[in-house]
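See below for the structure under consideration.
The values are calculated or read from the model by the stated rules, or taken from the named source; none is laboratory data. Predicted, not measured: the structure shown is a model, and the values here were computed from it. Backbone-built Cβ (ideal geometry, glycine too); neighbour counts: all protein chains shown.
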Amino acid sequence: MHIENFKIFSDLVESQSFSRAAKLNGITQSAVSQQLRAMEKHFNVLIVDRSQKQFRLTREGGKLYDSAKEILHRYEKLVSELQEMKKIISGTIHISTIYSIGLHELPPYITRFLKAYPSVNVRVEYRRSNLVYEDIVQNSVDLGLVAYPVKMRQVEIIPFLEDRMVLVCNPESPLAQRKHIEAKDLKGEKFIAFDQDIPTRKATDQLFKDWKVDVEPTMEFDNIETVKRAVEINAGFAIVPQATVKQETAQGFLKAVPLKGNPITRPLAIIHRKGRVLTPAMKKFIANLTGKPYGPEETSEEEAEETTAAS
């Protein structure tokens, strides 16, 4: 057995999908099936219960998965430690992020990082918030970037930024003439919203609730770019992170109006799977985002889960 065999098997178990495991390892579904059969032949055990409609491991398969994860963890830790000893900062960092962070917050950080570490390749994938967490839990990516981070047993959260939220509207809108926006100003105004399952939408709904103002969305979209386009054509107002509308406000396509009272912010965070071995490049990238060194002591997934359960 090679380390690649355990990696493919681990990905198959965690994703419960032959197609997903194939994509993660750059091989065909047929190759994943062949790997599984080869492992069953090598260990002379049945690993997957094929009598079940859903993917399910046999008892022996469960034991093999636990051992495979331990082997992979030790191997990844060894590679990381050897790189640190040789002071090597290289490899690929695969990032999953929501659109607003990936398009408007991340680019200058990546530019600075690649200038400092040209041997590192940074791959960015734009996803809905729930899929970023899914990518992290399934070990499909190395790091995730989300807004309003949600505590999960398998996820480590590292605070990143606080985005200031502003109201944006068409420059011809009556709202654009105000120095700041109060709750009463929004009565009867059309609201352009994010989809209901997006964390920023949940936060704006809570804001309206706190303000005791009923605002019904006339349009709902799943990404910041479409929301901005709707506001540009004067279909309504939106409440968005200030960083995402710098270009449009500078060009006069949108007008940003501050919300009255204490600044309303959107917390951003870096996430990675608990127990995951971070390469020197990943640690440097996190440090690049946060402005301070990052190098937590690595633990196994079992130890991480025990620590979480005890807290």
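What to note about this one:
- For the stretch 233-257, filtered to residues that are among the polar types (S, T, N, Q) and buried (at least 17 other Cβ atoms within 10 Å of the Cβ), the residue that is nearest to D205 (Cα to Cα) is Q242.
- In this structure, N234 does not satisfy being farther than 22 Å from T111 by Cβ and without any contact (Cβ under 8 Å) to a residue 12 or more places away in the chain.
- If the condition is being in contact with a helix residue (DSSP H, G or I) (Cβ under 8 Å, 6 or more places away or on another chain) and small (G, A, S), then the stretch 80-116 contributes S80, S90, G91, S96, S100, A116.
- When the residues of the stretch 258-273 are filtered to those that are surrounded by fewer than 22 Cβ atoms within 10 Å (Cβ to Cβ) and of a type in the set (A, V, I, L, M), the one that is modelled with the highest pLDDT is A269.
- Residue count for the stretch 17-31, restricted to those that are in a loop (DSSP other than H, G, I, E, B) and surrounded by 15 or more Cβ atoms within 10 Å (Cβ to Cβ): 2
- Residues located in the stretch 227-241, provided they are of a type outside the set (F, W, Y) and more than 20 Å from the chain's Cα centre (by Cα): V227, K228, R229, A230, V231, E232, I233, N234, A235, G236, A238, I239
- Remark: V277 matches the filter, which requires a residue to be aliphatic (A, V, I, L, M) and in the same structural domain as G102 (by TED's automatic domain parsing).
- Reported count of residues in the stretch 32-78, each being touching a residue at least 12 places away in the same chain (Cβ under 8 Å), surrounded by 14 or more Cβ atoms within 10 Å (Cβ to Cβ) and in a helix (DSSP H, G or I), is 19.
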